[in-house]
1. Count, please, the residues in the stretch A:1-11 that happen to be more than 19 Å from A:Val52 (Cβ to Cβ), open to solvent by less than 90 Å² (accessible area, probe 1.4 Å) and within 11 Å of chain B (Cβ to nearest Cβ).
2. I'm trying to understand the selection: among the residues of the stretch B:18-50, which are in contact with a strand residue (DSSP E or B) (Cβ under 8 Å, 6 or more places away or on another chain), assigned to a loop (DSSP other than H, G, I, E, B) and open to solvent by less than 80 Å² (accessible area, probe 1.4 Å)?
3. For the stretch A:12-116, which fully contained strands (runs of 3 or more DSSP E) count at least 1 residues that are more than 13 Å from chain B (Cβ to nearest Cβ)?
4. Would you mind finding the one in B:Phe63, B:Phe101 that is under 29 Å from A:Lys3 (Cβ atoms), modelled with pLDDT under 95 and either under 11 Å from the mean Cα position of the chain (by Cα) or hydroxyl-bearing (Ser, Thr, Tyr) (or both)?
5. Working carefully through the options B:Ile92, B:Ile76, find the one that is crowded, with 16+ Cβ neighbours inside 10 Å, of a type outside the set (Lys, Arg) and either in contact with a helix residue (DSSP H, G or I) (Cβ under 7 Å, 6 or more places away or on another chain) or at positive phi (or both).
6. Name the single residue, out of those in the stretch A:66-87 being under 19 Å from A:Arg14 (Cβ atoms) and within 11 Å of the chain's Cα centre (by Cα), that is least open to solvent (accessible area, probe 1.4 Å).
7. Checking B:Val50 against (1) within 10 Å of chain A (Cβ to nearest Cβ); (2) touching a residue at least 60 places away in the same chain (Cβ under 8 Å), which single condition isn't satisfied?
8. Pairs needed: first member in the stretch A:88-112, basic (Lys, Arg) and at pLDDT 90 or above; second member anywhere, open to solvent by 10 Å² or more (accessible area, probe 1.4 Å) and part of a strand (DSSP E or B); C-beta distance under 8 Å; at least 6 residues apart or different chains.
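The values are calculated or read from the model by the stated rules, or taken from the named source; none is laboratory data. Remember, it's a predicted structure, so these values are computed and weren't measured experimentally. Cβ coordinates were reconstructed from backbone atoms using ideal geometry, including for glycine residues, and neighbour counts include every protein chain displayed. Just so you know, the surface numbers come from the protein's heavy atoms only, side chains and all, with ligands and any DNA or RNA stripped out. Shrake-Rupley method; radii C 1.70, N 1.55, O 1.52, S 1.80 Å.
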Amino acid sequence: DVKVTQSSRYLVKRTGEKVFLECVQDMDHENMFWYRQDPGLGLRLIYFSYDVKMKEKGDIPEGYSVSREKKERFSLILESASTNQTSMYLCASIGSQGRRQPYEQYFGPGTRLTVT
Amino acid sequence: TQLLEQSPQFLSIQEGENLTVYCNSSSVFSSLQWYRQEPGEGPVLLVTVVTGGEVKKLKRLTFQFGDARKDSSLHITAAQPGDTGLYLCAGISNTGNQFYFGTGTSLTVIP
């Protein structure tokens with residue numbers, strides 16, 4: 001079974017702090033994603049990555065950055081946390097090589113971040 | 001940009017009732033997926049529909065992809081408490097690796 005793990009289930013940070021959210025997948029997937037989930041808005045894509053050291057902006061990248069130094073790990077960074085970044089953050093991955101479309105996204109359990 | 005609208009946003013029904021959730025867009029997608037998310041967990045894939053007009057059944061769940069590949073519906077027959085959760089549709093781009101999620105429908109089935 002594909003497993004996507006996130007470093008924390010719950011996190012409380014203060015305004016202005018630098019926040020790191022870590023995501024690791026164990027299935028050698030090329031593509032990894034970071035979403036934030038807010039009630040009534042569904043999942044909104046922050047950043048995604050096709051390969052190591054590659055990154056692409058999603059729909060709401062402002063205030064966030066990402067890092068993908070290793071294939072299995074995709075990190076989301078909040079440079080200076082603000083209260084409007086309080087949300088549920090979900091990491092996902094898909095493997096495309098050797099597979100036919102459409103692909104399935106595998107999600108981690110999420111990190112509920114509160115910024116006070 | 002929110003491309004997919006789901007309705008209703010909230011649904012609370014009694015066990016045994018039937019329900020339909022809708023997922024609508026003005027955009028065309030190569031395929032569409034439905035996910036279910038339980039509290040404290042990430043979404044899990046239920047089904048993928050790829051052909052306009054396609055109907056897929058998964059036990060008591062029936063999924064339909066619109067003829068124009070812009071919309072989809074999920075029908076649940078004789079709902080059970082285990083169906084409780086957040087249902088999300090996701091349209092997929094032609095490249096296959098960009099997913100556009102709907103606004104979500106939170107379903108509660110009361111025993």
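1. Selection size over the stretch A:1-11: 1.
2. Selection gives B:Ser27, B:Phe29, B:Ser30, B:Gly42, B:Pro43, B:Val50.
3. On the way: elements: A:19-25, A:31-38, A:42-49, A:64-70, A:73-78, A:87-94, A:111-115.
Because the criterion is at least 1 residues that are more than 13 Å from chain B (Cβ to nearest Cβ), the strands (runs of 3 or more DSSP E) in the stretch A:12-116 that meet it are A:19-25, A:64-70, A:73-78, A:87-94, A:111-115.
4. Working: B:Phe63 fails: modelled with pLDDT under 95.
Selected residue: B:Phe101, the only one of B:Phe63, B:Phe101 that is under 29 Å from A:Lys3 (Cβ atoms), modelled with pLDDT under 95 and either under 11 Å from the mean Cα position of the chain (by Cα) or hydroxyl-bearing (Ser, Thr, Tyr) (or both).
5. Working: B:Ile92 fails: either in contact with a helix residue (DSSP H, G or I) (Cβ under 7 Å, 6 or more places away or on another chain) or at positive phi (or both).
The match here is B:Ile76.
6. We begin by selecting, within the stretch A:66-87, every residue under 19 Å from A:Arg14 (Cβ atoms); these are A:76-87.
Checking which are within 11 Å of the chain's Cα centre (by Cα) leaves us with A:76-77.
On the way: A:Leu76: 0, A:Ile77: 21 Å².
Result: A:Leu76.
7. With respect to (1) within 10 Å of chain A (Cβ to nearest Cβ); (2) touching a residue at least 60 places away in the same chain (Cβ under 8 Å), B:Val50 is out only on (2).
8. A:Arg112/A:Tyr10; A:Arg112/A:Leu11; A:Arg112/A:Met88
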